[in-house]
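Engineer: Right, I'll just put the structure down here and ask away after.
The values are calculated or read from the model by the stated rules, or taken from the named source; none is laboratory data. What you see is a predicted model, and the numbers here were worked out from it, not measured in a lab. Every residue, glycine among them, receives a Cβ derived from its backbone with ideal geometry; neighbour counts consider all protein chains shown. When the accessible area is computed, the model is the full protein with side chains, heavy atoms only, and any ligands, DNA or RNA have been set aside. Shrake-Rupley method; radii C 1.70, N 1.55, O 1.52, S 1.80 Å.
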Amino acid sequence: MPQKANTFLIRDTELAQWFSITLEKLEKIVDIFDADPNDDWDLVEGVDYQFVNKKDKVRVFSFEGALKIASYIEKNEKRGIIYRFREFFTKHDQKIRRSLARKLIFAELTDSGEIQVYKGRPMIHKQSLRRILKTNGTKLNKTVNHLQQRTDKPLELGVDFYEDEKREFWFSESGIVMISKSMSETLTNKSRQEMCKMIAMEFPLAFKEIQEHLDDDTKQKIEIEKAKKRAKTRDKNTCQVTGQKPDRNNKFNLAVHHLYSAQKYPHLATLDLNLVTIKEEIHQEFHGNLGGFHQPCTIEDFIEFLHVYYPEHHGNLALKLQKNKKKLEKLAK
């Protein structure tokens, strides 16, 4: 029975180059195979090779066909080529698998996959990851649970994955690489083991290329999250209104407030000067007084809020903001 077309992966030019022979000599060897139907040498079209261009005798070979040619050269020229041929095919096969892994990633994330940003990290949905790895939900859940429970470098919430308000899981690049590597070590099917290994290798670069072609809104969200992360680092993860820092005895969430709202002033959304770290409850209180997060705000609104609601605010924050006010006002125009 003829093999499927995708098993013919080795171009005649590649084969000739690797055997250190010319295309003309490769063609002569193929002719020898076809010359005597009763000898031990035969190449079957549709099994060992197929034509890309029959008129010009351009062929692609299957592994079996290439191995037959290698065996012929080994017997007639004594070049010790069989071992080297297997090494060549292993590398060639790996190159194909890596290419197929990239194809799987691109097909899923450019056609239907959704990318969300969490704490500055682009993440893909669990179902997209399941389709890329060609696995089922049970196996993926088992792998995720195993990685969360291990003591050496476990999956980290907020870094490698996060759970949204609908209790659906999203995974970052680092989480996807960890999961892919783990599955490559635990799956019993050798072919799928190898594919998961290739996905772990190819995902970082492929994901980077995909992000370069994201729509402007998604790119902006990623940059805003990065800017917020910088602001928290600059502010030493401390609320600039109260001077409090979350710890085991005083637990609360931090938010990064845009002095000029991101929706109305998108050109200032990633500017460090336009960001200040505050407690989440203060953030909600401020926007609640304005009528909701959808309402635009300015630095003047926040300075007035501090004087009315937090007159004893930490570190003369209002004064610091007043000094930056003119600069931000110019940039906001």
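Engineer: Measure out, as a whole number of angstrom, how far apart the alpha-carbon centroids of the range 124-159 and the range 293-321 sit.
Structural biologist: 43
Engineer: Once the whole set of protein chains is in place, how much accessible area is left on Tyr310, using a 1.4 Å probe, in Å² to the nearest 10?
Structural biologist: Accessible surface of Tyr310 is approximately 50 Å².
Engineer: With a 10 Å cut-off between alpha carbons and a GNM built on the chain, which of Glu280, Glu304, Glu24 moves the most?
Structural biologist: Per the Cα network of the chain with a 10 Å cutoff, Glu24 tops the list.
Engineer: Provide His294, His287 ordered by accessible surface of protein heavy atoms (probe 1.4 Å), highest first.
Structural biologist: From most accessible down to least: His294, His287.
Engineer: Sticking with this structure for a sec: Using a 1.4 Å probe on the protein heavy atoms only, what accessible surface does Ser99 show? Give it in Å² to the nearest 10.
Structural biologist: Solvent-accessible area, nearest 10 Å²: 70 Å².
Engineer: Give me the number: length gained by fully extending Leu157 to Asn316, i.e. 0.36 nm times residue separation minus the C-alpha to C-alpha distance, one decimal in nm.
Structural biologist: Residue separation times 0.36 nm, minus the Cα-Cα distance, leaves 53.7 nm.
Engineer: Per residue and in cubic angstrom, what volume does the convex hull of the Cα atoms of the range 168-280 have?
Structural biologist: Per residue, the Cα convex hull of the range 168-280 comes to 162 Å³.
Engineer: Shifting gears a bit: Using only C-alpha positions, report the orientation-averaged shadow area of the convex hull of the chain, nm², one decimal.
Structural biologist: 25.7
Engineer: Roughly how big is the chain's charge dipole about its Cα centre, with Cβ charges of +1 (Lys, Arg) and -1 (Asp, Glu), in debye to the nearest 20?
Structural biologist: About 1080 debye.
Engineer: Taking a threshold of 27 Å on the Cα-Cα distance, which of the pairs Lys119/Lys181; Lys251/Lys323; Lys153/Lys236 fall above it?
Structural biologist: From Lys119/Lys181; Lys251/Lys323; Lys153/Lys236, over 27 Å: Lys251/Lys323.
Engineer: Just subtract the alpha-carbon distance of Gln127 and Lys28 from 0.36 nm times their residue separation and send over the number in nm, one decimal.
Structural biologist: Going from the current span to full extension adds 30.5 nm.
Engineer: Another question about this same structure. Note down the accessible area of Lys236, probe 1.4 Å, to the nearest 10 Å².
Structural biologist: Its heavy atoms expose roughly 140 Å² to the probe.
Engineer: How far is helix 190-212 tilted off the main Cα axis of the chain, in degrees rounded to 10, range 0 to 90?
Structural biologist: Between helix and principal axis, roughly 50 degrees.
Engineer: When the chain is treated as a GNM, springs tying every alpha-carbon pair under 10 Å, which of Asn274, Asn53, Asn141 comes out with the largest mean-square fluctuation?
Structural biologist: Result: Asn53 has the largest fluctuation of those listed.
Engineer: How would His267, His213 line up by accessible area, probe 1.4 Å, largest first?
Structural biologist: Per-residue accessible area, sorted high to low, gives His213, His267.
Engineer: Quick one: grab the alpha carbon gyration tensor of the range 6-69, order the square roots of its eigenvalues as a ≥ b ≥ c, and give me rounded if a/c is under 1.5, else prolate or oblate depending on whether a/b is larger than b/c.
Structural biologist: Here the range 6-69 falls in the rounded category.
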